[in-house]
Structures are given as structure tokens and as C-alpha cells.
Amino acid sequence: MKKIILIAVLSISFSIAMSAQSVLSFDKYHSRLSFSANHLGISFVEGIFKIFDATLISTKEDFSDAQIQMNADVKSISTEVDMRDADLRDNWFETAKYPEMNFKSTSFRNVGGKNYKLTGDITIKGVSKRITFDVVYNGKALNGYSKKYSHGFTITGKLNRNNFWHWQGNDFNGRCIYWTESKC
């Protein structure tokens with residue numbers, strides 16, 4: 001059984017001063033939603049979603065009660081290969097029918113130091129599944145332009161692609177390929 005790996009990294013900078021309840025919106029100039037997919041076990045395809053947004057709502061300085069949401073415009077996918085991007089939009093994501101990918105957290109818990117576990121539901125192609133991401137809180141810094149604090153996070157995880165896509169076929173050497181597990 002072959003596996004294809006999909007790695008997505010969501011680096012988000014949120015800007016706002018912490019108060020009783022803070023709603024932190026992502027900083028689109030310093031954030032990225034990217035992935036890396038293993039191609040035939042011999043190389044990786046890199047890509048991004050160019051259009052997405054995210055919010056974090058928390059009443060605690062340590063973010064232990066954080067509620068996080070992310071929405072991505074799947075039509076904005078880019079691997080810098082037009083033919084592959086069209087295939088991903090039309091055949092994999094079916095963007096005419098399912099234009100967005102969404103995530104909504106159910107828990108955000110500290111597992112030591114600056115490390116967290118983010119659990120929630122991801123919806124791709126109308127199918128929602130529970131997923132847990134690893135999160136590193138990169139810290140905060142005072143933004144010289146806005147005069148507000150920016151908070152940075154790096155989020156990584158693993159996605160079971162069978163929850164959203166079912167594809168089986170042969171590679172160029174006649175071996176059966178059945179992709180099940182992906183990282184994001």
C-alpha cells in the first residue's frame with residue numbers, strides 16, 4: 001500500500017491587544033496556508049491557498065479557551081502549474097459545487113510550553129471530519145505601524161484524504177497505489 005503525504009502549514013499572525021475578550025484577525029501580509037503533497041513517493045508538490053481568513057477568540061492570555069475558525073477559497077489553490085491547479089479545482093475539490101474549505105475548533109489546549117493541540121472539524125467538499133493539529137505559539141511582538149501586539153502561530157497536522165477523496169489507480173510501473181494518509 002502506497003501513501004501520499006499532504007503537508008499543510010498555516011502560519012498566522014494575529015493582531016490585537018488582549019482584553020476581556022479578544023477577537024484576533026489574521027494578518028494577511030504575514031500569514032500563509034500551504035501544503036506539500038507526496039507525488040508517487042518520489043517528489044513533493046508544494047502549493048498554497050491564496051485567499052483565506054482566520055479568527056481567534058480568547059478571554060485568556062494563554063489562549064487556553066481559544067476558539068479558532070478558518071475559511072479558505074479553494075478556487076485560490078496554486079501549485080504554480082496551471083494544468084495541475086485546474087485538475088485540483090475541478091476534479092479533486094469540485095470547486096463549482098464546494099467553493100470553500102472550513103475549519104472550526106472544538107478545543108485548544110496547552111501541552112507544554114509554547115506547544116498546543118488544536119482539535120476541531122474540517123469541512124472539505126461538504127464532508128466534515130474531526131482533526132487535531134499541532135500548534136506552536138511563536139510569541140508576540142509590538143507592531144510598529146498599528147501599535148498593537150501581533151501574535152504568531154504555526155499549525156501543522158495530518159489529514160486522512162480518504163475522508164474527502166477516493167482514488168485508486170496504478171503508477172507508471174504498474175504498482176497499485178491507494179492513497180490513504182496525508183499530512184497537513
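The values are calculated or read from the model by the stated rules, or taken from the named source; none is laboratory data. Predicted model only: the values in this text are computed from it and were never measured. Positions of Cβ are generated from backbone atoms using ideal geometry, with glycine treated the same way; all protein chains shown enter the neighbour counts.
Could you say whether any residue in the stretch 113-121 is more than 13 Å from the chain's Cα centre (by Cα) and among the acidic types (Asp, Glu)?
Scanning the stretch 113-121, I find no residue that is more than 13 Å from the chain's Cα centre (by Cα) and among the acidic types (Asp, Glu), so the answer is no.
Any chance the stretch 154-165 includes a residue that's surrounded by 13 or more Cβ atoms within 10 Å (Cβ to Cβ), in a loop (DSSP other than H, G, I, E, B) and at pLDDT below 90?
yes
Provide a single number: the residues in the stretch 133-153 that are assigned to a strand (DSSP E or B) and surrounded by 14 or more Cβ atoms within 10 Å (Cβ to Cβ).
12
One line per residue, one yes/no per condition, for (1) within 19 Å of ILE155 (Cα to Cα); (2) without any contact (Cβ under 8 Å) to a residue 40 or more places away in the chain:
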position: THR59; (1), (2): no, yes
position: ASP62; (1), (2): yes, no
position: SER78; (1), (2): no, yes
position: PHE93; (1), (2): no, yes
position: SER105; (1), (2): yes, yes
position: ASN115; (1), (2): yes, yes
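Could you tell me whether the stretch 99-118 includes any residue that is surrounded by fewer than 17 Cβ atoms within 10 Å (Cβ to Cβ), hydroxyl-bearing (Ser, Thr, Tyr) and assigned to a strand (DSSP E or B)?
Yes, the stretch 99-118 contains at least one residue that is surrounded by fewer than 17 Cβ atoms within 10 Å (Cβ to Cβ), hydroxyl-bearing (Ser, Thr, Tyr) and assigned to a strand (DSSP E or B).
Please work out which residue is farthest from ALA86 (Cα to Cα), limiting yourself to the stretch 24-35 and to residues that are part of a strand (DSSP E or B) and without any contact (Cβ under 8 Å) to a residue 40 or more places away in the chain. Outline the logic, then answer.
Step one: list which residues in the stretch 24-35 are part of a strand (DSSP E or B), which gives 24-26, 32-35.
Filter once more, so that each one left must be without any contact (Cβ under 8 Å) to a residue 40 or more places away in the chain: 25-26, 32-34.
Values: SER25: 30, PHE26: 28, ARG32: 21, LEU33: 19, SER34: 17 Å.
Within the stretch 24-35, the match that is farthest from ALA86 (Cα to Cα) is SER25.
Mind checking which residues of the stretch 125-164 are of a type in the set (Gly, Ala, Ser) and free of Cβ contacts under 8 Å to residues at least 40 places away in the same chain?
GLY126, SER128, GLY139, ALA141, GLY144
May I ask you to list the residues in the stretch 77-114 that are touching a helix residue (DSSP H, G or I) at 6+ places or on another chain (Cβ under 6 Å) and of a type in the set (Phe, Trp, Tyr)?
PHE93
Conditions tested, residue by residue: (1) modelled with pLDDT of 80 or more; (2) of a type outside the set (Ser, Thr, Tyr).
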site	(1), (2)
LYS2	no, yes
ILE12	no, yes
ALA37	no, yes
GLU46	yes, yes
LEU56	yes, yes
ASN71	yes, yes
SER78	yes, no
ASN91	yes, yes
LYS97	yes, yes
